[in-house]
Amino acid sequence: PSANAGLEVERGSSTNVAIQWNETTDKWEATNDGSTYGNLVTTADSLTVSAAMIADVVTNAQTASYTLVLGDKNKIVEMNVASGNNLTVPPNSSVAYPVGSQINILQVGAGQTTVVQGAGVTVNAAPGLKLRTQWSYATLIKRAENTWVLVGDISA
């Protein structure tokens with residue numbers, strides 16, 4: 001074989017993306033800009049990932065109680081509050097996150113962050129819905145229309 005082959009996603013006016021088998025290097029590779037390809041990690045590789053293939057983590061810093069918005073999906077919401085504060089998960093009727101969405105929470109300030117369930121929302125967690133202490137980190141994962149799970153460094 002001499003020609004690379006793979007899958008390309010046509011994205012209209014946006015740059016196409018692709019995953020392909022490179023016949024020269026005998027490796028899977030991907031592009032997010034249509035021209036620069038990076039190797040996909042396999043068990044045969046040293047598990048080194050190119051920085052160009054990883055998206056930077058974006059944070060949304062908050063200094064008071066806060067209700068999540070759609071733009072928080074796949075971000076870290078930093079709660080930098082000196083006293084107890086709430087992070088509210090809104091109902092699907094207000095903010096329609098796709099099932100599978102994740103929102104990361106980092107309690108930067110000394111004030112304990114409590115995850116609050118908006119109207120009709122269920123957030124399942126064990127042992128509770130509070131981040132344990134300053135620098136605790138947790139992740140909200142949407143499982144159904146108004147059902148989430150909270151996992152991480154949490155307490156009752």
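The values are calculated or read from the model by the stated rules, or taken from the named source; none is laboratory data. All values derive from a computational prediction rather than experimental measurement. Note that we place each Cβ from the backbone using ideal geometry, even for glycine, and neighbour counts take in every protein chain shown. To get the accessible areas, we keep the full protein, side chains included, count just its heavy atoms, and leave off ligands, DNA and RNA. Shrake-Rupley method; radii C 1.70, N 1.55, O 1.52, S 1.80 Å.
Pairwise over distinct Cα atoms, reciprocal of the mean inverse distance: report the Kirkwood radius of segment 80-156 in Å, one decimal place. Radius from the Kirkwood sum: 12.4 Å. Just the protein heavy atoms count here, and of the accessible area of the chain at 1.4 Å, carbon and sulfur take up 51 percent. The mean sequence distance of close C-alpha pairs (under 8 Å, at least 6 residues apart), as a share of the length of the chain, puts its relative contact order at 14 percent.
With K and R counted +1 and D and E -1, the other residues having a Cβ less than 13 Å from that of Ile19 yield a net charge of -1. Taking 25 °C and 0.890 mPa s as conditions, the chain diffuses translationally at an estimated 136 µm²/s according to Stokes-Einstein applied to its Kirkwood radius (Cα pairs). Accessible surface calculations at 1.4 Å, restricted to protein heavy atoms, place the chain at 58 Å² per residue.
Taking R0 as 41 Å, what FRET efficiency do you get between Thr25 and Ser83 from their Cβ-Cβ distance, rounded to the nearest 0.05? Show your work: numbers first, answer last.
Numbers: r = 55 Å, r/R0 = 1.35.
For R0 = 41 Å, the calculated efficiency reads 0.15.
Taking a straight Cα-Cα cut-off under 18 Å and skipping sequence neighbours fewer than 8 places away in the same chain, the aspartates and glutamates within cross-link reach of Lys130 are Glu78, Asp153. Over all other residues within a Cβ to Cβ distance under 14 Å of Ala125, the charged ones net out to +3, with Lys and Arg as +1 and Asp and Glu as -1. Local charge sum around Pro91 (other residues, Cβ-Cβ under 13 Å, Lys/Arg +1, Asp/Glu -1)? Net of charged neighbours comes to 0.
I'd like the FRET efficiency for Ala18 and Asn92, computed as 1/(1 + (r/R0)^6) with the beta carbon distance as r and R0 of 30 Å, rounded to 0.05.
The computed FRET efficiency comes out at 0.35.
What the Cβ-Cβ distance of Asn32 and Val149 gives, at R0 = 25 Å and to the nearest 0.05, is a FRET efficiency of 0.30.
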